[in-house]
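Accompanying notes for the structure given below.
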Amino acid sequence: MSRRTVGHAISAFLLALMLAFSIPAHAQAPTTAPNPQAESVNEDMLFKQNSRIDGRVSIPDERSRFLIQPQGRDWRMFHEVTMPWIAGLAILGMLLALVIFYLVFGRIRGQYSETGDRIVRFRFVERFTHWMVATCFIVLALSGLNYIYGKRLLMPIMGPYAFAEMSQWLKYAHNFFAWPFTVGILIMFVVWVRDNLPSRVDLEWIKKGGGLTGRGHVSAGRFNAGQKIVFWGVTLGSLAMFVSGLALLFPFTVTGVNGMQLTSIIHGIIGAVFIAGILAHIYIGSVGMEGAFEAMGSGTVDREWARQHHDLWADQADRADPAAPAGRVDPARPRI
Amino acid sequence: MARIKFLCDADRCIECNACVTACKNEHDVPWGINRRRVVTINDGKPSERSVSMACMHCTDAPCAAVCPVSCFYTTADAVVLHSKDLCIGCGYCFYACPFGAPQYPKVGNFGSRGKMDKCTYCAGGPEADLTTVEYEKYGSNRLAEGKLPLCAEMCSTKSLLAGDGDIIAAIYKERVTKRGYGSGAWGWRTAYRETITG
């Protein structure tokens, strides 16, 4: 062994010794100095605890209390991808179904000869309320759809300024037409709920497909099961739209930003299904069935039409006024 | 062209709120609106950190995507701006924004939020640069004057950095290497789909 090699061996040994002692020695040193890295919060840590990062702000705005809410990205996905698809499929799907129904079954006509003896089906207040709600619904539906499809369909045609101006007015229309709509729904509920309570006749009506597809005669009271479904669908749908719409109209009064996102999702989906359902209602109340429109248009129907479509109600009407002479309509007749 | 970004070095932020005040003053921001705010996380605990937050000028900005009148646009420097002439005040951008940047001058009852206001990266709006009409709607246009956003420029601890994303990321990385710690570039993953590992 040369002196040089011995020297190397000693220095290697010393180095190993130093390393061996240095680690525990460091660990045993007093840890009074804080380690800012170990104690600091970071995004990864916070996102493991919660899906958003909340903090405290000194400005008097509670809504700005959060730092990052990645849920905004999810809401964007819903609003820009899911919602247009849901609304498109529901509305175009319903239109397609109605066109096919019309092509297959055509306009439903009854086998009756008009007697000319007309009886009151809907009083003025009922018709007025119905058409008020209908007008509001069309405005609400179109202004609502503008939020989804306007920039895709109308903006390229109208140009950004005209479209933005129109959207501004449609937004106000949406916010204000909601009120007469809701009042009308309330009136309709009070006036029609008694005649829309489910009964045994409805089961038979549903079993026979409502006679829509021409499978024999079906009995019905003032409203058949199909109309009852529309009534309850409209009542519950409007309730959901009113409650969610109210939360959207007065933002952040009942819920925070994530709650607002959820509310707008609920409002959008129910709105789309509502529009699709009302399209079916419009179809059957106009081109789909003979005599249906005049009931809500003029308020009166032919006594024979009544027997054909609402036999139990027609019987009631006969009992209430057995001596009703042909061709005479008594506007003072009590509601039946 | 640069791809501008904001970066708040939370280990330097002392929650002095000077950025908030400077922003309000520079742009004559209306009462009730804060284009920038300082959020304190784990307040009072040893791990407490404060982060100055405003519009992050996101890549593929969610606000722009959800706007029903498409009033947003992105400049060549990647600043996300909007037109108050087109805005209908629907509030969608606030729901979509991960950082709570959009602000409205009114409380919001009956859809009367007014035109949305947010951080412009001191870059004004669609009006002609450095005009009175631009100033009244969007505040001053420091970028057109060749200056960076005031909040970052006057930050006393140089916690808030503004400028080209690559350059401020490099500055932050260097700081983290030198001092040996860093709580990360807050919001970068959500805004730009990237993080800085020191």
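When the range B:80-137 is limited to residues that are away from chain A (no Cβ under 12 Å) and hydroxyl-bearing (Ser, Thr, Tyr), the one that is surrounded by the fewest Cβ atoms within 10 Å (Cβ to Cβ) turns out to be B:132. Checked against the criterion of being small (Gly, Ala, Ser) and modelled with pLDDT of 90 or more, the range A:320-327 contains not a single residue that satisfies it. Contact annotation: residue pairs with Cβ atoms under 6 Å, 6 or more positions apart or on different chains, pairing a residue in the range B:22-48 that is within 16 Å of residue A:40 (Cβ to Cβ) with a partner that is among the basic types (Lys, Arg), are B:40/A:56; B:41/B:49; B:43/A:56. On the stretch given as the range A:150-164, residues that are closer than 24 Å to residue A:86 by Cβ and surrounded by 15 or more Cβ atoms within 10 Å (Cβ to Cβ) total 5.
State all residues of the range B:151-198 that are aliphatic (A, V, I, L, M) and either closer than 19 Å to residue B:99 by Cβ or within 14 Å of another protein chain (Cβ to nearest Cβ) (or both); if no residue qualifies, say none.
Step one: of the range B:151-198, the residues aliphatic (A, V, I, L, M) are B:152, B:154, B:160-162, B:167-171, B:176, B:185, B:191, B:196.
Hits for the range B:151-198 are B:152, B:160, B:161, B:162, B:168, B:169, B:176, B:185, B:191, B:196.
Within the range B:152-185, the set of residues being closer than 21 Å to residue B:18 by Cβ and β-branched (Val, Ile, Thr) comprises B:157, B:168, B:171.
Residues checked against (1) closer than 30 Å to residue A:171 by Cα; (2) in a loop (DSSP other than H, G, I, E, B):
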position: A:204; (1), (2): no, no
position: A:221; (1), (2): no, yes
position: A:226; (1), (2): no, no
position: A:232; (1), (2): yes, no
position: A:238; (1), (2): yes, no
position: A:243; (1), (2): yes, no
position: A:246; (1), (2): yes, no
position: A:255; (1), (2): yes, yes
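Of A:293, A:231, A:252, all but one fail to be aromatic (Phe, Trp, Tyr), under 29 Å from residue A:120 (Cα atoms) and at pLDDT below 95; the exception is A:293. Does the range B:138-150 contain any residue that is buried (at least 22 other Cβ atoms within 10 Å of the Cβ) and in a loop (DSSP other than H, G, I, E, B)? There is at least one residue in the range B:138-150 that is buried (at least 22 other Cβ atoms within 10 Å of the Cβ) and in a loop (DSSP other than H, G, I, E, B).
Given the options B:136, B:145, name the one that is more than 20 Å from residue B:4 (Cα to Cα) and acidic (Asp, Glu). Before you say what the answer is, go through the steps one by one.
Details: B:145 fails: more than 20 Å from residue B:4 (Cα to Cα).
Among B:136, B:145, only B:136 is more than 20 Å from residue B:4 (Cα to Cα) and acidic (Asp, Glu).
Evaluation of residue A:158 against the conditions (1) farther than 25 Å from residue B:87 by Cβ; (2) over 21 Å from the mean Cα position of the chain (by Cα) shows that the sole unmet condition is (1).
Across the range B:173-189, which residue is farthest from residue B:8 (Cα to Cα) among those that are of a type in the set (Ser, Thr, Tyr) and surrounded by fewer than 22 Cβ atoms within 10 Å (Cβ to Cβ)? So the residue we want is B:177.
Take residue B:176 and tell me if it is more than 19 Å from residue B:11 (Cβ to Cβ), of a type in the set (A, V, I, L, M, F, W, C) and modelled with pLDDT under 95. Let's see the steps before the verdict.
Working: more than 19 Å from residue B:11 (Cβ to Cβ): no; of a type in the set (A, V, I, L, M, F, W, C): yes; modelled with pLDDT under 95: yes.
Here the answer is no, as residue B:176 does not meet what is asked.
For the range A:65-94, give me the residue count where each residue is surrounded by fewer than 19 Cβ atoms within 10 Å (Cβ to Cβ) and at the interface with chain B (Cβ under 7 Å from one of its Cβ atoms). Number satisfying all stated conditions: 3. Of the helices (runs of 4 or more DSSP H) lying entirely inside the range A:13-120, the ones with 1 or more residues being out of contact with any helix residue (DSSP H, G or I) (no Cβ under 8 Å at 6 or more places or on another chain) and modelled with pLDDT of 95 or more are found at A:71-77, A:83-105. Here the range B:36-55 is the region considered, the condition is being surrounded by fewer than 23 Cβ atoms within 10 Å (Cβ to Cβ) and touching a helix residue (DSSP H, G or I) at 6+ places or on another chain (Cβ under 8 Å), and the residue that is farthest from residue B:124 (Cα to Cα) is B:46.
For (1) on the phi > 0 side of the Ramachandran plot; (2) more than 10 Å from chain B (Cβ to nearest Cβ); (3) surrounded by fewer than 16 Cβ atoms within 10 Å (Cβ to Cβ), each residue gets a yes or a no:
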residue	(1), (2), (3)
A:140	no, yes, no
A:166	no, no, no
A:180	no, yes, yes
A:187	no, yes, no
A:202	no, yes, no
A:218	no, yes, no
A:225	no, yes, no
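The values are calculated or read from the model by the stated rules, or taken from the named source; none is laboratory data. All of these numbers come straight from a predicted model, not from anything done at the bench. Here Cβ is always computed from backbone atoms with ideal geometry, including for glycine, and neighbour counts include all displayed protein chains.
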